[in-house]
1. Going residue by residue through the stretch 144-167, is there one that turns out to be closer than 18 Å to PHE97 by Cβ, in contact with a strand residue (DSSP E or B) (Cβ under 9 Å, 6 or more places away or on another chain), open to solvent by 20 Å² or more (accessible area, probe 1.4 Å) and within 16 Å of ligand 2 (Cβ to nearest atom)?
2. Would you point out which residue out of ILE284, ILE174 is among the β-branched types (Val, Ile, Thr), at pLDDT 90 or above and within 16 Å of ligand 3 (Cβ to nearest atom)?
3. Would you say VAL125 is within 22 Å of LEU196 (Cα to Cα) and touching a residue at least 24 places away in the same chain (Cβ under 8 Å)?
4. In the stretch 272-297, which residues are open to solvent by 10 Å² or more (accessible area, probe 1.4 Å), within 21 Å of ILE241 (Cα to Cα) and of a type in the set (A, V, I, L, M)?
5. Do any strands (runs of 3 or more DSSP E) entirely within the stretch 117-224 hold 3 or more residues that are closer than 30 Å to ALA15 by Cα and more than 15 Å from the chain's Cα centre (by Cα), and if so, which?
6. Of all the residues that make up the stretch 248-285, how many are closer than 26 Å to PRO121 by Cβ and in a helix (DSSP H, G or I)?
7. Restricting to the stretch 177-194, what's the tally of residues that are more than 12 Å from ligand 2 (Cβ to nearest atom) and at pLDDT below 95?
8. Tell me the residue from GLY197, GLY232, GLY225 that is surrounded by 12 or more Cβ atoms within 10 Å (Cβ to Cβ) and either at pLDDT below 75 or within 16 Å of ligand 2 (Cβ to nearest atom) (or both), please.
Amino acid sequence: MRILEEGLVIRTLGAAYDVQGPDGVVRCVLRGRLRRQTEGPQRPVIGDRVQFERVSPKEGAIIAILPRRTALVRREPLDPEKAHVIAANLDQIVAVFAAVPEPDLFQIDRYLAVAEASGLPALLVLNKIDLAEDLSALRERFAEYEELGYPVLYTSAVTGAGLEALRERVRGKISAFIGPSGVGKSSLLNALQPGLGLRVGSINPRTGMGRHTTTRSELIPFEGGYLADTPGLRDIGVWGIRPEDLAACFPEMRPYIGRCEFSDCLHLEEPGCAVRRAVARGEIRRRRYESYRRILIEQQAARAP
Ligand SMILES: Nc1nc2c(ncn2[C@@H]2O[C@H](COP(=O)(O)OP(=O)(O)OP(=O)(O)O)[C@@H](O)[C@H]2O)c(=O)[nH]1
Ligand SMILES: [Mg+2]
Ligand SMILES: [Zn+2]
């Protein structure tokens, strides 16, 4: 008789998957229909709940992926219908940036838009505040994100500053740490969970940039939830959100959607645009609106032949 068990995919290793079962981690291969699909949404990803069959105490085969509650999705710029799922069943995104050198707000806007497009709440972490000369200026600069509803945390993996607040935010949830390479995602996880021993990169002193130290995503059990360490993303600009869906990824624009003269308004040059009227009246920050425009134009350029 076949006994099916249920578990959580915590690591993907090419053809194999580590599944957290009720009594430990089981290394699984894919079986049946799942195995014949080489790519796409039918492949297990971290965070997936799966049914597996054991072939030995520490080995098994995944039979089925259970329905996903949420999915962090990356789309092909040239074929937005083609979606790659990065992680399933996340509760939130922790978008990490280094406070020094000062992060590019446009890049932050792009990460937040990606979280919104996947329907995931996001919080913003500014790490390396031990290197910041003027923390209150930094706080002032990032207050606009708090106004939009994104919590902003100021942390240092070196001094431990802000780690308690971060711990509070991630406790009992499944959170993915995403952000550029070298900002300290793995370092923060190591600081939250002493003994974890994730590999941490060296920084090019000239550019201040990292070197893609983390190469694959994994879920780490943490205080009743899980933390996902992910590789630094070189470019989150090509995540292929559909043009007509982008405005809804900016929370401050949502109240104006559907109030424009044209129902297919992309809020660029169209007459009677409620979004641009709100920008002119100061109800939407011009800087954020410019980020919206830039993302839209980038996407269109990526899609053009
Ligand atoms: N001064 C300072 N340095 C830090 C801090 N956090 C991380 N670093 C350093 O930044 C470098 C990169 O840290 P990682 O944790 O590897 O960065 P990452 O975001 O995981 O990078 P990838 O895995 O490449 O995406 C390392 O040299 C860390 O020691 C911090 O809070 N303050
Ligand atoms: Mg890392
Ligand atoms: Zn409009």
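The values are calculated or read from the model by the stated rules, or taken from the named source; none is laboratory data. Bear in mind that the values here come from a model prediction, so they are computed numbers and not experimental data. For neighbour counting, all protein chains shown are included, and Cβ atoms are generated from backbone atoms with ideal geometry for every residue, glycine included. With ligands, DNA and RNA removed, areas are computed over all heavy atoms of the protein, side chains included. Shrake-Rupley method; radii C 1.70, N 1.55, O 1.52, S 1.80 Å.
1. yes
2. After ruling out the rest, the residue left standing is ILE284.
3. Yes: the conditions hold for VAL125.
4. Residue satisfying the conditions is ILE297 alone.
5. 218-222
6. 12
7. 2
8. Every option except GLY232 fails the conditions.
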